Amino acid sequence: MAMQTSRNGLLFIAQREALVLVAYPDGRNHAIGFGHNSSSVLSGDVVTVSEAFDLLKEDAASREPQINKWLKVPVTQPQFDALLSLYYEYGLRKGGDDVRSAINFINSGDPTAAEATMKACDTDSMTGKVIPGLLVRRQAEIQLFRDGDYGPTGTVQLWRGNPRTTKSENYVVQDGDLA
């Protein structure tokens, strides 16, 4: 049976992506919400908190079939959520090869090698340099994968403007945000 991202998994991703209500340049495209990056997102676009959570759910759901296809062995819900988080942020690079490599190690019964492969996804694909924020995220994903520890998931950073030029504030996740 195909697995889906749990509510805690979505909150785990939301906390690491942060919430940005206006489109901002992010690579070849603009991003908005919780890292929703698409050629359809244009400079000047704005979303509400509710719309951002809807995009997060849609983006996660669009990635779930690939994770389910690659997995050949059962995993726990936290393990699936950790893999989805990795694929959500990093996995579309190089066609998901790094994520698939980690899953291949899981399929072969070598979680230690899977964790090492996940950790290696902490670098800038252009420069090869470790990005501190990605290192922290990979460590959290590995902890979730290994221990089932989602960490705190009730608050996310929110930017009402471009995250590179405006200050953030804390947003307390409401019960209806992931309804």
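The values are calculated or read from the model by the stated rules, or taken from the named source; none is laboratory data. Here the structure is a predicted model, which means the values were calculated and not measured. All Cβ positions, glycine included, derive from the backbone under ideal geometry; neighbour counts span all protein chains shown. In case anyone asks, the SASA skips ligands and DNA or RNA and just uses the protein heavy atoms, side chains included. Shrake-Rupley method; radii C 1.70, N 1.55, O 1.52, S 1.80 Å.
Take the residues in segment 167-179 that are acidic (Asp, Glu) and modelled with pLDDT under 95; name whichever of them is surrounded by the most Cβ atoms within 10 Å (Cβ to Cβ). Can you show your working first?
Within segment 167-179, the subset acidic (Asp, Glu) is 169, 175, 177.
Those still in the list that are modelled with pLDDT under 95 too: 175, 177.
Working: ASP175: 6, ASP177: 20.
Only one residue fits best here, namely ASP177.
Might you check whether a residue that is farther than 30 Å from GLY109 by Cα, out of contact with any Cys (no Cβ under 8 Å at 6 or more places or on another chain), surrounded by 14 or more Cβ atoms within 10 Å (Cβ to Cβ) and not acidic (Asp, Glu) occurs anywhere in segment 138-152? Steps first, please.
Pass one, segment 138-152, residues farther than 30 Å from GLY109 by Cα: none.
For segment 138-152, residues farther than 30 Å from GLY109 by Cα, out of contact with any Cys (no Cβ under 8 Å at 6 or more places or on another chain), surrounded by 14 or more Cβ atoms within 10 Å (Cβ to Cβ) and not acidic (Asp, Glu): absent.
Considering every residue within segment 146-153, establish whether at least one is over 22 Å from ASP26 (Cβ atoms), touching a Pro at 6+ places or on another chain (Cβ under 9 Å), modelled with pLDDT of 95 or more and in a helix (DSSP H, G or I).
Yes, segment 146-153 has at least one match.
Output yes when any residue across segment 86-95 is in a loop (DSSP other than H, G, I, E, B) and crowded, with 18+ Cβ neighbours inside 10 Å, and no when none is. Show your work before the answer.
So in segment 86-95, the residues in a loop (DSSP other than H, G, I, E, B) come out as 90-92.
Adding the requirement that they be crowded, with 18+ Cβ neighbours inside 10 Å leaves 90-91.
Taking every residue of segment 86-95 in turn, at least one turns out to be in a loop (DSSP other than H, G, I, E, B) and crowded, with 18+ Cβ neighbours inside 10 Å.
Being of a type outside the set (A, V, I, L, M, F, W, C), closer than 21 Å to ALA179 by Cβ and surrounded by 21 or more Cβ atoms within 10 Å (Cβ to Cβ) is the filter here; which residues of segment 8-28 pass it?
In the first step, residues of segment 8-28 are kept if they are of a type outside the set (A, V, I, L, M, F, W, C); the result is 8-9, 15-17, 24-28.
The next check asks that each one be closer than 21 Å to ALA179 by Cβ; those that pass are 8-9, 15, 17.
Listed by number, the residues that qualify are GLY9, GLN15, GLU17.
Considering segment 155-166 alone, what residues qualify as being in contact with a strand residue (DSSP E or B) (Cβ under 8 Å, 6 or more places away or on another chain) and open to solvent by 40 Å² or more (accessible area, probe 1.4 Å)?
Step one: of segment 155-166, the residues in contact with a strand residue (DSSP E or B) (Cβ under 8 Å, 6 or more places away or on another chain) are 155-164, 166.
Hits for segment 155-166 are THR155, GLN157, TRP159, ARG160, ASN162, ARG164, THR166.
With VAL99, VAL73 as the choices, which residue is in contact with a helix residue (DSSP H, G or I) (Cβ under 6 Å, 6 or more places away or on another chain) and open to solvent by 20 Å² or more (accessible area, probe 1.4 Å)? Steps first, answer last, please.
Numbers: VAL99 fails: open to solvent by 20 Å² or more (accessible area, probe 1.4 Å).
Of VAL99, VAL73, the one residue that is in contact with a helix residue (DSSP H, G or I) (Cβ under 6 Å, 6 or more places away or on another chain) and open to solvent by 20 Å² or more (accessible area, probe 1.4 Å) is VAL73.
What are the residues in segment 29-67 that are surrounded by 14 or more Cβ atoms within 10 Å (Cβ to Cβ), in a helix (DSSP H, G or I) and of a type outside the set (Lys, Arg), if any?
Answer for segment 29-67, where residues must be surrounded by 14 or more Cβ atoms within 10 Å (Cβ to Cβ), in a helix (DSSP H, G or I) and of a type outside the set (Lys, Arg): VAL49, GLU51, ALA52, PHE53, ASP54, LEU55, LEU56, ASP59, ALA60, GLU64, GLN66, ILE67.
Identify, please: which residue in segment 120-134 is hydrophobic (A, V, I, L, M, F, W, C) and in a loop (DSSP other than H, G, I, E, B) and is, among those, most open to solvent (accessible area, probe 1.4 Å)? It would help to see each step written out before you state the result.
Applying the first criterion (hydrophobic (A, V, I, L, M, F, W, C)) to segment 120-134 yields 120-121, 126, 130-131, 134.
Checking the rest, the ones that are also in a loop (DSSP other than H, G, I, E, B) come to 120-121, 126, 131.
Details: ALA120: 62, CYS121: 1, MET126: 173, ILE131: 61 Å².
Looking at residues that are hydrophobic (A, V, I, L, M, F, W, C) and in a loop (DSSP other than H, G, I, E, B), I get MET126.
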